[in-house]
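**Student:** For reference, the structure I am asking about is given below.
Readers should treat all values here as calculations from the given coordinates under stated rules, not as data from a laboratory. Bear in mind the structure is a predicted one, so any value in this text is a computation, not a measurement. All Cβ positions, glycine included, derive from the backbone under ideal geometry; neighbour counts span all protein chains shown.
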Amino acid sequence: MNLGSNKATVASAQVQPAAPANPSAAAANAAAASFAALMEKLDYLDSAGIEQVRQAYRYADAAHLGQLRNSGEPYITHPIAVAALCASWKLDVQALMAALLHDAMEDCGITKADLIDRFGPQVADLVDGLTKLDKLQFNTREENQAESFRKMLLAMARDVRVILIKLADRTHNMRTLSDMPRSKWGRISSETLEIYAPIAHRLGLNQTYRELQDLAFRHLHPWRYATLSKAVTKSRNRRRDIVQKVQTDVDAAFSRLGMAVRLAGREKTLFAIYQKMNLKHLSFAQVTDLYGFRVIVHSVTDCYTALGVLHQMYKPVPGKFKDHIAIAKLNGYQSLHTTLVGPAGLNIEFQIRTEEMHIVAEAGVAAHWLYKAQNAEGAAAERLGTKWLQSLLDIQNETRDAAEFWDHVKVDLFPDAVYVFTPRSQILALPRGATAVDFAYAIHSDVGDRTTAVRINDEQVPLRTELKNGDVVEVITTAGAHPNPAWLAFVRTGRARSKIRHYLKTLAQNESAGLGEKLLTQALRAEGMEQLPDAQAHAAIWEKLLRFTGNRTRVELMTDVGLGKRIASIVAKRLVLLLSEGGQRPDALLLTRERYSAHEKVSQGSITLDGSENASVQYASCCRPVPGDAIVGYLGRGEGLVVHHAQCGVAKKLQHKDGERFIAVDWAEEPTRTFETGITVTVTNGKGVLARVASELADCEADIVRVDMDDAMGTTDLRFVVAVRDLAHVEAVLRNLRRTHSVLRAFRVLPQPL
């Protein structure tokens, strides 16, 4: 499903083939009446703004002339309805014009340049953000969904009006979904529930969120919707007197106090009831919180006063009080929530808020236009929404793969938040399950990258510790620290995951490019050339070589050679040919020396390894070579250089099948780190034997990476993976183990032939 190109799936599906040039008088009257209804909602605009909207309407009307929707109405009624929804949010003139023109580019052949000339670049950019940019085909539904979702979110992050218009568009399409073929109901309704409704909720558009859920539910499960609707109607009739009594009593209580409040009843949506029944395996009769009231008051102080009044009238249900005023939700929502036991044991939820909070609760980010009073509450709510939108751009900057972007963002789209504090008492909201590393990246990417330790509530804890509500988190950083690949196993937020992956990808690319340059230089020496030609002085030769290999840049070519995607010897031979055409000849002496001194079974020169290569070189886990072992290097396709023990059966098999990919490798005189190897220790069963063996390994400075055990009759095989410096260190460890009490034998696990 291509969500970023919604017209392909919904709106265009409602466009009929061109009608006769003269539409019926009834259809024309329907369009005029719709526009008249829109004009009535534009009283918040000045006369110049209204005239701009009228011009956009005339342009869109002419562009869509002859197009009908499935209902038989002129197609222009759809853009008008979308603009009317946007007007109810009090969006500005440019947004209303874009709403009227949102299908013009896709369905009517109008270009962005046309819109810029007629309405200016701002309107054209909004329409362009709402228009399908391409018709790429993807292999799987997940990829398609991810790519489309990404386009939509990026448009939203650039200008939130794009997503508001998109949501208005989807809402009207859902309202008229019954006019479409029934075969399309399921796909469009599922898409609405999975993508559009959560976005509306994430942006705080409560009314739109509730309506989209119920419309999708009605078309996805018509029978269940009808059954629940009848049950709710019966329940409403049965309990009408109780609800009216509660309303009368609450009104009277506030009147006696002399406190002005606005009381509004609310009922749980059918989809919310269905979801609760489904998730908690309840019958309809067991869902007790169908009804609720909103209490709208003048000030924040009045919210807490009203809470006290209500708690004196009815008993609160334990554990059902939430203070979203002191700590707002991620989308800026603020209210006090409490559930009370009313007459006849009926549970009734009350939401207490100010008028400004109510506007934010119902309209979310649209409240920026609806309520423009410059107060602290409004500014805080706007900051919360803007912060999340901006984080999408941060993720996009490091993530080019659509499916990976979807993986990052869907975590943040459906948050079950925990609220934690910085040492300076600033509140941060994170998804439930977020760890200390997520917290560090939420503060700043530089803080996350340099994190080395964390203190929670003045106690040092592991970085993978999950955060709980109310935790005070202090991050300890070190200037030279870098992200650890192991963090990817436990971070929860898309921001942290994308930052870590971006660092690792950049590191791997840089190291692979360095390895590739070293390999190509050595392969070129084997062909009689001392060094690589200068990039600037021989630009034409490099350009010809890149055309031959299919790479865009010199760095990309070196990276491919380092990753094994290109064989250095083949690239070197081509480079020598190009240099020869330019008059540069191989050095005969160098050619002779290199060929006679090179390893006879490999096609390229030797690489020296000291353990500092990180991502560009891997040490095979099948044989675990250490300095001092005879080794060979295999340049795997896309894996970089993989180092095997010379006697490894896997390496021998690869050498037989793919010999041209092997290169000679040697150990440096002084490796910079330890290397893993396998050791098996057979011991007699007894108390404390494992502890003695572990202690001996520690005394020998061999760190235990992993241990497994196999029990036999009276003995146990302890299989260790230990980190050692070199082959001499391994032999010293084994000698000491053999002298340890209860150890029957100790030996290194060497590669076995296949």
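**Student:** Contour minus end-to-end for ARG552 and ASP117, with contour as 0.36 nm per residue of separation and end-to-end as the Cα-Cα distance?
**Tutor:** Working: separation 435, 0.36 × 435 = 156.60 nm, distance 3.69 nm.
Gain on extension, ARG552 to ASP117, equals 152.9 nm.
**Student:** So which trypsin sites (Lys or Arg not before Pro) in the range 464-500 pass both tests, a DSSP loop state and at most 13 other Cβ atoms within 10 Å of the Cβ? Each step should come with its number before you reach the end.
**Tutor:** Working: sites: ARG464, LYS468, ARG492, ARG495, ARG497, LYS499; in loops: ARG464, LYS468, ARG492.
Counting only loop positions with at most 13 other Cβ atoms within 10 Å, the trypsin sites (Lys or Arg not before Pro) in the range 464-500 are LYS468.
**Student:** In the neighborhood of LEU545, defined by Cβ-to-Cβ distances under 10 Å, what is the net charge if each Lys or Arg adds +1 and each Asp or Glu adds -1?
**Tutor:** Details: positive: LYS544, ARG547, ARG554, ARG574; negative: GLU543.
Cβ neighbours under 10 Å give a net charge of +3.
**Student:** Sort 443-450, 198-205 by the packing proxy (mean of other Cβ within 10 Å over each peptide's residues), most packed first. Don't jump to the answer; show the numbers that get you there.
**Tutor:** Numbers: 443-450: 16.4, 198-205: 23.2.
Result, highest mean Cβ count within 10 Å first: 198-205, 443-450.
**Student:** Ranked by Cβ crowding within 10 angstrom, fewest neighbours first, how are LEU578, LEU557 ordered? Mind dumping the intermediate values first?
**Tutor:** Values: LEU578 18, LEU557 24.
The most exposed by this proxy come first: LEU578, LEU557.
**Student:** Could I ask something else about it? When you count, for each residue, the other Cβ atoms within 10 Å and take the mean per peptide, how do 300-308, 707-715, 722-730 rank with the highest first? Present the calculation step by step, with values, prior to reporting the outcome.
**Tutor:** Details: 300-308: 17.0, 707-715: 10.2, 722-730: 19.3.
Top to bottom by mean Cβ count within 10 Å: 722-730, 300-308, 707-715.
**Student:** Now for a different question. Of PHE548, PHE350, how do they rank once you tally other Cβ atoms within 10 Å and put the fewest first? Don't skip to the answer; put the middle values down first.
**Tutor:** Values: PHE548 15, PHE350 25.
With the sparsest Cβ surroundings first, the list reads PHE548, PHE350.
**Student:** What does the net charge come to around THR208 if you take all other residues with beta carbon closer than 13 Å to its beta carbon, with K and R at +1 and D and E at -1? Don't skip to the answer; put the middle values down first.
**Tutor:** Working: positive: LYS166, ARG170, ARG175, ARG202, ARG210; negative: ASP169, GLU211, ASP214, GLU362.
Neighbour charge sum, excluding THR208 itself: +1.
**Student:** Take ARG424 and SER612, extend 7 Å from each Cα along the Cα→Cβ direction, and tell me the distance between the two endpoints in nm.
**Tutor:** Calculated label separation equals 3.8 nm.
**Student:** How far is it, in nm, from the label point at GLN752 to the one at GLU670 when both lie 7 Å from their Cα along the line to the Cβ?
**Tutor:** 4.0 nm
**Student:** May I ask you to compute the full-extension gain from LEU282 to MET709, defined as 0.36 nm times their residue separation minus their alpha-carbon distance, rounded to one decimal in nm?
**Tutor:** Length gained, LEU282 through MET709: 148.9 nm.
**Student:** Moving on to the next point. By how many nm would the segment from GLU466 to THR248 grow when fully extended, if each residue of separation counts as 0.36 nm and the alpha-carbon distance is taken off?
**Tutor:** Values: separation 218, 0.36 × 218 = 78.48 nm, distance 4.65 nm.
In short, 73.8 nm is gained.
**Student:** Inverting the mean 1/r over all pairs of different Cα atoms, compute the Kirkwood radius of the range 183-288 and quote it in Å. Show your work: numbers first, answer last.
**Tutor:** Details: mean 1/r = 0.0626 Å⁻¹.
Roughly 16.0 Å, rounded to one decimal.
**Student:** Which of ALA253, GLN334, TYR274 sits farthest toward the positive end of the charge dipole of the range 235-373, with +1 on the Cβ of Lys and Arg and -1 on the Cβ of Asp and Glu?
**Tutor:** Comparing the listed Cα positions along the dipole, TYR274 ranks first.
**Student:** Report, to two decimal places, the Cα Rg of the range 675-748 normalised by 2.2 N^0.38 Å (N = number of residues). Please report the intermediate quantities before stating the final value.
**Tutor:** Numbers: Rg = 11.3 Å, N = 74, 2.2 N^0.38 = 11.3 Å.
Normalised Rg, Cα atoms only: 1.00.
**Student:** May I ask you to derive the FRET efficiency for ARG182 and ALA630 from their Cβ-Cβ distance with R0 = 60 Å, giving the value to the nearest 0.05? List each step's numbers first, then the result.
**Tutor:** Working: r = 71 Å, r/R0 = 1.18.
Here the calculated transfer efficiency is 0.25.
**Student:** Tally Lys/Arg at +1 and Asp/Glu at -1 over every other residue whose Cβ is under 12 Å from the Cβ of LYS112; what's the total?
**Tutor:** Values: positive: ARG118; negative: GLU106, ASP114, ASP117, ASP125, ASP128.
Neighbourhood net charge equals -4.
**Student:** Right, another one. Mind computing the radius of gyration and Dmax over the alpha-carbon atoms of the range 431-494? Å is fine for both.
**Tutor:** Final numbers for Rg and Dmax: 10.7, 31 Å.
**Student:** Hey, another quick one. So what's the range 235-373 giving for Rg/Rh, alpha carbon basis, Kirkwood Rh from the mean inverse pair distance? Each step should come with its number before you reach the end.
**Tutor:** Details: Rg = 15.6 Å, Rh = 16.0 Å.
Rg/Rh for the range 235-373 comes to 0.97.
**Student:** Neighbour counts of other C-beta atoms within 10 Å: give me SER569, SER695 arranged from fewest to most. All intermediate terms of the calculation are to be shown ahead of the outcome.
**Tutor:** Numbers: SER569 22, SER695 12.
By the 10 Å Cβ count, ascending, the order reads SER695, SER569.
**Student:** Need one number: nm distance between label points at SER299 and ASP323, each 7 Å from Cα along Cα→Cβ, rounded to one decimal.
**Tutor:** 1.8 nm
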